[in-house]
């Protein structure tokens, strides 16, 4: 679209705008649909962004961490822990290995058993945090060596439970983006219907305009501008309401997990501002196509 | 200026016009007459491109009307002012804006056309009714407003379809006077009417030719008019 056409679309022509009479229900329908769709799009965007953040975080944590659990009788636990640390330090691809302190282990169990857990009196296994180098270690070789030298050691590379969660978070992100596409498509469909209704209701106006020498582009512009501005205004209202809704949601917290992190972070708050522009583009394309088709059908 | 060459037109299988030939030369004044349903309005529509002939050829300003694309057709209609029998106004706009409609669609700056617009309103005697909406106008006022709209772009040809069909004798004479004045300014005029008294009155003022549609064909009317 040329700069001149954009300028005419934005600035408009008061005289040309009056040529098509204001139409009640199509105006209200377009405004309502645009506002509702923009409202839903804000939530779909928030869901998608939050899912993306979660997937990235989980994937990052999954990437280079593992846990070695020493399930040994209390009198052998320290010796097996030391043996395991020795094995890990000798294993190529292991960047660091560190046995968690009693306080750290108690903190991990605190959400389930409370802060005053008497760890000494419980058969709690010793945990060793393992961090890999970029090249990683030979998992099968490490397991075999641990099996031989530390009988109570169980290597957990987290993938068993983290990978499905990361996959689910990524699916959720795709679902959010797909929802935005569906919302855009539904809005285009509704605006096309409204534009067609307006064009049909103004058939006589169009006939008069053509009789006095109006070109198709002039007639189409009168309708396209109207619907584009309605969509822009409707989407603007919907986005403001949607952002207020997201802002009112509980802030992200460790306890609340994923549900409380469903919002925008930092620059992410600016992303919904693109929705009214996209809505206006959708309305422009939908109305242009509808007008071109209908005017083209006239003799 | 407008030339019909062996033009035929079928309405859904039925033949309405056949082998119609005529030429509207610049500055001429033609009347088109004939019984109701003979095809007067159809012939006018063929002249300004609202209908396409099923046979023959219509040429306007040396262009084959059938070969014009939609944009060219719109430009052609700015060169031919048309007064419709039912006037066809946009009822939500006041008379002044309806008259200015051809200027608006042609992209003219109305603020620079206000003097011309006012002059035109004075000429057709509607300056007092400029801000009325079309449904508030009488039959004669509507026809005068339609005539003003037809001439505002200063077209070379003016076509009027039964302009005096719904007005009294006095008003029809006033409308005729406006058409005669336009003809004297050099405009080509084509008026479809079955009002023979109007034709006789015009003959007393300007040189006219009278065409009659009879049995699907166009004939030059005799001296009985």
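The values are calculated or read from the model by the stated rules, or taken from the named source; none is laboratory data. Just so it is clear, the model here is predicted, and its values are computed rather than measured. We place every Cβ from the backbone using ideal geometry, glycine too, and count neighbours over all the protein chains shown.
Restricting attention to the stretch A:154-168, and to residues there that are in contact (Cβ under 8 Å) with a residue 40 or more places away in the chain and under 24 Å from residue A:124 (Cβ atoms), which single residue is surrounded by the fewest Cβ atoms within 10 Å (Cβ to Cβ)? Selected residue: A:159.
Of all residues in the stretch A:217-235, those satisfying the criterion of being in contact with a helix residue (DSSP H, G or I) (Cβ under 6 Å, 6 or more places away or on another chain) and facing chain B (nearest Cβ under 10 Å) are A:218, A:219, A:222. For the stretch A:195-216, taking the residues that are surrounded by 17 or more Cβ atoms within 10 Å (Cβ to Cβ), more than 8 Å from chain B (Cβ to nearest Cβ) and over 15 Å from residue B:92 (Cα atoms), the one that is farthest from the chain's Cα centre (by Cα) is identified as A:199. State yes or no: is residue A:172 in contact with a helix residue (DSSP H, G or I) (Cβ under 7 Å, 6 or more places away or on another chain) and within 14 Å of chain B (Cβ to nearest Cβ)? The answer is no for residue A:172.
Scanning the stretch A:15-27 finds one or more residues that are modelled with pLDDT of 80 or more and more than 14 Å from every other protein chain (Cβ to nearest Cβ).
Residues in the stretch B:95-116 that are farther than 15 Å from residue A:209 by Cβ and touching a residue at least 40 places away in the same chain (Cβ under 8 Å): B:95 alone. Of all the listed residues (B:132, B:150, B:160, B:106), the sole one being in contact with a strand residue (DSSP E or B) (Cβ under 8 Å, 6 or more places away or on another chain) and either surrounded by fewer than 21 Cβ atoms within 10 Å (Cβ to Cβ) or within 13 Å of chain A (Cβ to nearest Cβ) (or both) is B:150.
Would it be correct to say that residue B:117 is within 9 Å of chain A (Cβ to nearest Cβ) and more than 18 Å from residue B:136 (Cα to Cα)?
Values: within 9 Å of chain A (Cβ to nearest Cβ): no; more than 18 Å from residue B:136 (Cα to Cα): yes.
In short, no.
Tell me yes or no: at least one residue of the stretch A:228-240 is part of a helix (DSSP H, G or I) and without any contact (Cβ under 8 Å) to a residue 24 or more places away in the chain. Looking for residues that are part of a helix (DSSP H, G or I) and without any contact (Cβ under 8 Å) to a residue 24 or more places away in the chain, one finds at least one in the stretch A:228-240, hence yes.
Residues in the stretch B:191-215 that are buried (at least 20 other Cβ atoms within 10 Å of the Cβ) and not in a loop (DSSP other than H, G, I, E, B): B:191, B:192, B:198, B:202, B:210, B:211, B:213. Within the stretch B:53-82, the set of residues being within 11 Å of chain A (Cβ to nearest Cβ), buried (at least 16 other Cβ atoms within 10 Å of the Cβ) and touching a helix residue (DSSP H, G or I) at 6+ places or on another chain (Cβ under 9 Å) comprises B:73, B:74, B:76, B:77, B:78, B:80, B:81, B:82.
The residue that is farthest from residue A:227 (Cα to Cα), among those in the stretch A:276-299 that are surrounded by fewer than 18 Cβ atoms within 10 Å (Cβ to Cβ) and within 14 Å of another protein chain (Cβ to nearest Cβ), is A:299.
Just to check your reading of the model, which residue among A:146, A:127, A:100, A:117 is over 25 Å from residue A:65 (Cα atoms) and surrounded by 15 or more Cβ atoms within 10 Å (Cβ to Cβ)? Talk me through it step by step, then tell me what you get.
Details: A:146 fails: over 25 Å from residue A:65 (Cα atoms); A:127 fails: over 25 Å from residue A:65 (Cα atoms); A:100 fails: over 25 Å from residue A:65 (Cα atoms).
Selected residue: A:117, the only one of A:146, A:127, A:100, A:117 that is over 25 Å from residue A:65 (Cα atoms) and surrounded by 15 or more Cβ atoms within 10 Å (Cβ to Cβ).
Looking only at helices (runs of 4 or more DSSP H) that lie completely in the stretch B:75-190, which have at least 1 residues being over 27 Å from residue B:65 (Cα atoms)?
B:95-99, B:114-123, B:139-151, B:169-184
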